[in-house]
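Q: Below are the structure tokens for one structure; questions will follow.
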Amino acid sequence: MVGLVGRLWNLQYKSIVKEASGKTLAVAKFFCVLHVTNTYLCTFALAYGPSMVPTFNLTGDMYLAERLSIKFGKVGPGDVVLLRSPESPRKVMVKRLLGLESHSITYVVDPMKSDRCDTIVVPKGHVWVEGDNIYNSRDSRQFGPVPYGLLEGKVFCKVTTFLSLAHLMLNFDAVNCTSSLSQPKNKRRV
């Protein structure tokens, strides 16, 4: 009798271990795929603050950024990019790319105080980025051209939350059918 109970216990234990190891392996595979996707293909992120108003809301918007365009050099002026801050490396920022290396950029030095403009030629291996809200943005006007290596992704999709969708459905006549990431009308392109 003891031998039978021992064999049944052993069979039950083996099936539990087999099932648990199978599920653990599936979860581990899922997290590996998630890590590779987030690191090399695309990532979700949150943009909040005043620097990218009106493209992104002040209180925060979710967006998707793909990482392949940066690796293959397929970014250009007007693209919204995800980049590591040159001032504090733990911070990731979202800005609009306005110029690549050797481009001549004319920008307003301090729009709150004067209309004085400066012109700069972006050095080799660098880009020029600015926020859409030039009155309240910390960007290349303060810290200069950004090394291309600090770019992390190109924003391609603004993720709309359920509440935003409900608001759009209720106010469908006020919807503007242009791309939400297009160049703002009040921003002059140089």
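The values are calculated or read from the model by the stated rules, or taken from the named source; none is laboratory data. The shown structure was predicted, so the numbers you read here are calculated from the model rather than taken from an experiment. Cβ sites come from the backbone with ideal geometry, for glycine too, and all protein chains shown count toward neighbours. Quick note on the areas: whole protein, heavy atoms, side chains included, nothing else; ligands and nucleic acids left out. Shrake-Rupley method; radii C 1.70, N 1.55, O 1.52, S 1.80 Å.
Q: Which order do S69, S104 take when ranked by solvent-accessible area (1.4 Å probe, heavy atoms of all protein chains), largest first?
A: On the way: S69 15, S104 65 Å².
Reading off the accessible areas and sorting them downward yields S104, S69.
Q: Report the accessible area of R84, computed with a 1.4 Å probe over the heavy atoms of all protein chains in place, in Å² rounded to the nearest 10.
A: Accessible area of R84: about 70 Å².
Q: Between N57 and R84, take the C-beta separation as r, use R0 = 22 Å, and let me know the FRET efficiency to the nearest 0.05.
A: Efficiency, rounded to the nearest 0.05: 0.45.
Q: Mind giving me the FRET efficiency for F156 and T39? R0 is 22 Å, r the Cβ-Cβ distance, nearest 0.05 is fine.
A: Step by step, r from the Cβ atoms, then E = 0.80.
Q: A further question follows. Multiplying the sequence separation of Y48 and V27 by 0.36 nm and subtracting their Cα-Cα distance, what value in nm do you get?
A: The span from Y48 to V27 would gain 4.4 nm if fully extended.
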